[in-house]
Structure formats: structure tokens, C-alpha cells
Amino acid sequence: MPETQLPDWYHDGIDHIWLPYTQMQTAKPPLPVIKSDGVRLTLADGRELVDGIASWWAAAHGYNHPHVLKAVETQLKEMPHVMFGGLVNEPALRLSKRLAAMLPGDLDRCFIAESGSVSVEVAMKMAVQYFLNKGESRSKFVHFRGCYHGDTLGTMGVCDPEEGMHNLFGDVIADNILCDLPRTEAEAAKFTIFLKKNAHTIAAVITEPLVLGAGGMIFYPPETLKWLRSACDEAGVLLIIDEIFTGFCRTGTMFAVEQAGIVPDMITLSKALSGGVSPLSVCAARDHIFDAFLSEDPTKALMHGPTYMAHALGCAAANASLDLFEREDRLGQVAKIEQQLKDELAPCRDLPNVKDVRVKGAIGVVQLHDASNIDALKPKFVDAGVWIRPFRDIVYLTPSLTISAEDLSILTNTIFSTLNG
Ligand SMILES: Cc1ncc(COP(=O)(O)O)c(C=O)c1O
């Protein structure tokens, strides 16, 4: 964007901000965005971009959905936030009740935090303390290659070592047990034997269900989740499922675990939970987990409590987001998006640098053979009027679930023409 079109606030603040995952010395300057609406972002120079990512998959209902905005405005006038220690608020309790009803099985207890990473940290702490409260000391987690669960020190210890930046932080992050996801029944049987043998040290197995998002949008079948559930049951190890990306219709069901018919011991939710409007996350636990913390002994209580937990504005946004998932046919929209992505990304298969095209629910992926120039695609997409951020060796779409067929075609056609250019 030409200097003259950059707003004053950009000039004033840009030298004082630290951007995520960015080499601040060499990175191209970020674009100033001044407005969001539906699936469109407006830049400071007036250009509009059709958004193919929905703010890291959070804006499931499109930006500025009036129902969500109204709920936040109403809550704002009453009470934006009050501490959750010793006090509770109506939006948080209503949200917990609704999630307990929506989630499979007896995932009945919600711990409401702010970010996805923190909800995973909470699930991990619950798992460790669950065993401590039963008189067992177990400190390890089994995690899988390709998985991503956050950037905090605890969650980095259960990310894929490449993704989790283990090479930098290896000395400070916990040394957990990295495995490959079982792909066959024979591998699942081996995994079960391994888990049973080492169960005395392992608090939980943790995975993303069906889609390894940040790991490269890799898909795997529901059977694998069934195998993990039964391996954990046989070994007496807890199962944490991280639905921060997959939850709320993204893979074609409300929650991805539904496709496997399993109930994890803890499930983590964020992103679309609050419709991309407010930071909010939930770790929901089953009754037997919650019950293990009940005691006359205060040290058996869950020792976690972020200042902004159960944020009333965030919970109001989440309740409004759940209203929309209930009232509007998001699953029907995902089915249509899935078909359109399949149809319209298929021609990319014939492009010389394309290795794979895959689609699951409202996730469309074009994987490249040679990704050495992947960063050069970013400005090309902006010039073409779309917001698409390729990473690793993939160009992907995770649009708002409310995107129109016309806007989705703009995204798919731009991917084809840019990769073909
Ligand atoms: C599966 C998964 N887990 C955890 C996280 C971390 O969430 P947050 O960025 O809100 O901390 C993400 C974020 O992309 C994610 O996709």
C-alpha cells in the first residue's frame, strides 16, 4: 500500500507493535484493516478483500453478524466483566448449560477461559491432577506428529516438534511422548499395547480430531479416533480432544468427534465458539473427571483461574453464536460449501506444481510440490482482491460458513488463476 494511503495511526503505532510469527526485520509490512462485514475486509486505502480464512476459522457466521453484535452491546450496557472468583454471571452459566446439552455424552462441566491454548493447558492440568487426586503421579502426555495445540510452554510440549518450535525451546518444554497416529488396525493394536505398558506414567492422550490444522490441514478417518478411545479405555488413560479448529460444524458435524461416535474425557473449544467476536475458550470435562476433584481437602480443587475467565461479554457473544448454530442451517451450508470446494478446486489438480487437492467440510486445501515461493503468493492474492494466507506447502480455504456461492467462487477461481499464473 503506498505510504500516502496509510492512516496516521499506522505511522504512529507500527514501530511499537510486535507481530505474531513474524521476522520483524524482513517481513513485508502488515496491511491496515479498518472494517469487516460479512466475508469482506476493508483496507485503509478502500480496497475490499473477500476473506477465505475467517480470521483463523473463528468468524463462522461472517463478520459483524447483527445478532452477535446486539448480544454483546446489550451485555456491555449491563456488565462487561466481573471476576469469576466467588461470583458468577448469567451468560457464563447459560453458556455452560447449553454446551453441556450440545456436547456428546456427559461432557457436563465447563471451565471457561480466554484463549484456545489456555483451554488446552487447563485440560492438561485437569488430567495430571485427576490422577494426583486419586493418589497416582502421572506427568506424561502422548501426542501425535502433525498436531498443534497452542503456543504456550505447556501446549508446545504436545505439538509436533517441528510445529512446536522444539528446536528453540527444547530445554524448557516438557518432554512428552510423540507418536504417529495409528493408520491401520495393526498399528492401533500396537499403540494399545504401548499405552498399557506405559500407562503408569501417562496422564492423557491428546489429539486434534479428523483434521491436523496448523500441521498442514491433514485429514484422517474417524476410525482412528475410535481406536484411540478404546486404547485409552483399555489402558486407563484419559483422552483429550482438541476441537478448537474442528468444532462448530467445520468438518460437517457440529463436533468432529460425532463422526467417530466417541466421547473424550475432556474437549477443548474456542474460535467459532464466540463467532470470532471475542476471545473465549472452554475446556469441558466429563462427570467422572469433575467428581475426582470433589473432596473435603482444598488442595484437591482445580488450581486455575485466569483474571478474564468466563468473560461476560465473550460469553454473551458465544450464546449468540450458539443461537445462530441452532437457528440457521450451518450444517446444510457446510455441505454445500464442501461440494462447491470439491467441484471448483478440482481443476487445480492439473496444475504442474499441485501435489494434492483435498476437501473436508468447509476446509479446502491445495497442496504444492514446491513451496519455496509460497510467500510470494500472499501479495498476489491481495492484488486479486482476496485474503488467503498460504503456509507450509498449502493454500487453503476455511471461509465463514455463511459465505455465498458467488463469493466462494471468487476465492476458488483466484486460487486456480494465481497458481496457474
Ligand atoms: C487445534 C488448535 N488448538 C489450539 C489452538 C490455540 O488456540 P489460540 O490461538 O486461541 O491460543 C489452535 C489455534 O489455531 C488450534 O487450531
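For the range 88-243, a/c is less than 1.5, where a ≥ b ≥ c are the root eigenvalues of the C-alpha gyration tensor. That puts it in the rounded class.
What is the helix-to-structure angle for 185-198, meaning the angle in degrees between its Cα long axis and the longest Cα principal axis of the chain, kept from 0 to 90 and rounded to the nearest 10? Around 50 degrees separate the two axes. Principal-axis analysis of the Cα atoms of the chain puts helix 405-420 at an angle of about 80° to the longest axis.
For the range 148-260, averaging the sequence separation of C-alpha pairs within contact (under 8 Å, six or more residues apart) and dividing by the residue count gives a relative contact order of 24 percent. With N counted as the residues of the range 66-327, its alpha-carbon radius of gyration over 2.2 N^0.38 Å works out to 0.99. Of all DSSP beta bridges confined to the chain, the antiparallel ones make up roughly 65%. In the chain, taking the dipole from charged Cβ atoms about the Cα centre, the farthest positive-side position among 322, 284, 397 is held by 284.
Three principal axis extents of the range 206-259 based on alpha-carbon atoms, in descending order, are 30, 22, 17 Å. Computed from the C-beta positions of residue 326 and residue 287 and an R0 of 30 Å, the FRET efficiency is 0.80 to the nearest 0.05. The magnitude of the dipole of the chain, with charges of +1 and -1 set on the Cβ of Lys/Arg and Asp/Glu and taken from the Cα centre, is near 540 debye. What is the list of residues in the range 259-287 whose amide nitrogen lies under 20 Å from a point 7 angstrom out from the Cα of residue 64, following Cα to Cβ? Under cut-off, by backbone N: 274-279. Seen against the Cα atoms of the chain and their longest principal axis, helix 222-235 is set at about 20 degrees.
Close amide H partners of residue 280, meaning residues 5 or more places away or on another chain with modelled amide H under 5 Å apart, are 271.
If you plug the beta carbon distance of residue 78 and residue 193 into 1/(1 + (r/R0)^6) with R0 = 45 Å, you get a FRET efficiency near 0.20. Modelled spin-label separation between residue 200 and residue 28, with each label point placed 7 Å from Cα along the Cα-to-Cβ direction: 5.7 nm. The range 307-349 has equivalent-ellipsoid semi-axes of 34, 14, 5 Å, by the square roots of 5 times the alpha carbon gyration tensor eigenvalues, sorted largest first.
Under 26 Å of direct C-alpha separation, and excluding same-chain neighbours fewer than eight residues apart, residue 378 reaches these lysines: 28, 35, 271, 342, 355, 360. With a simple spin-label model that places each label point 7 Å from the Cα along the Cα-to-Cβ direction, the separation between residue 175 and residue 6 comes to 4.6 nm. The HN-Hα couplings worked out from phi for the range 123-140 by the Karplus form 6.51 cos²θ - 1.76 cosθ + 1.60 (θ = phi - 60°) are 4, 5, 5, 4, 5, 5, 6, 3, 6, 4, 5, 9, x, 10, 9, 10, 10, 9 Hz, whole numbers, x standing for Gly and Pro. Taking the charge dipole of the chain about its Cα centre, with +1 at Lys and Arg Cβ atoms and -1 at Asp and Glu Cβ atoms, the residue from 262, 36, 52 reaching farthest to the positive side is 262. Separation of the range 378-413 and the range 189-233, taken as the distance between their Cα centroids, equals 32 angstrom. Once Rh for the range 350-421 is found with the Kirkwood sum over Cα pairs, what is the Stokes-Einstein diffusion coefficient at 4 °C and 1.567 mPa s, in µm²/s? In µm²/s, the coefficient is 104.
Calculate how large, on average over all directions, the projected area of the Cα convex hull of the range 20-155 is; give the answer in nm² to one decimal. The Cα convex hull of the range 20-155, projected and averaged over all directions, gives 13.3 nm². Listed values for the range 274-289 are Karplus-derived 3J(HN,Hα) couplings in whole Hz (6.51 cos²θ - 1.76 cosθ + 1.60, θ = phi - 60°), namely 10, x, x, 9, 9, x, 6, 8, 9, 10, 9, 10, 6, 4, 5, 6, and x replaces Gly and Pro. Taking the 1.4 Å solvent-accessible surface of the range 66-327 as the whole, the part contributed by carbon and sulfur is 57%. The stretch between residue 219 and residue 417 holds 68.7 nm of extra length on full extension. This uses 0.36 nm per residue minus the Cα-Cα distance.
For the pair residue 137 and residue 300, the difference between a 0.36 nm per residue extended length and the Cα-Cα distance amounts to 57.3 nm.
The values are calculated or read from the model by the stated rules, or taken from the named source; none is laboratory data. Note that the coordinates shown come from a computational prediction; the quantities given were computed from them, not determined experimentally. Here Cβ is always computed from backbone atoms with ideal geometry, including for glycine, and neighbour counts include all displayed protein chains. Note: accessible area is taken over every heavy atom of the protein model, side chains too, but ligands, DNA and RNA are not part of it. Shrake-Rupley method; radii C 1.70, N 1.55, O 1.52, S 1.80 Å.
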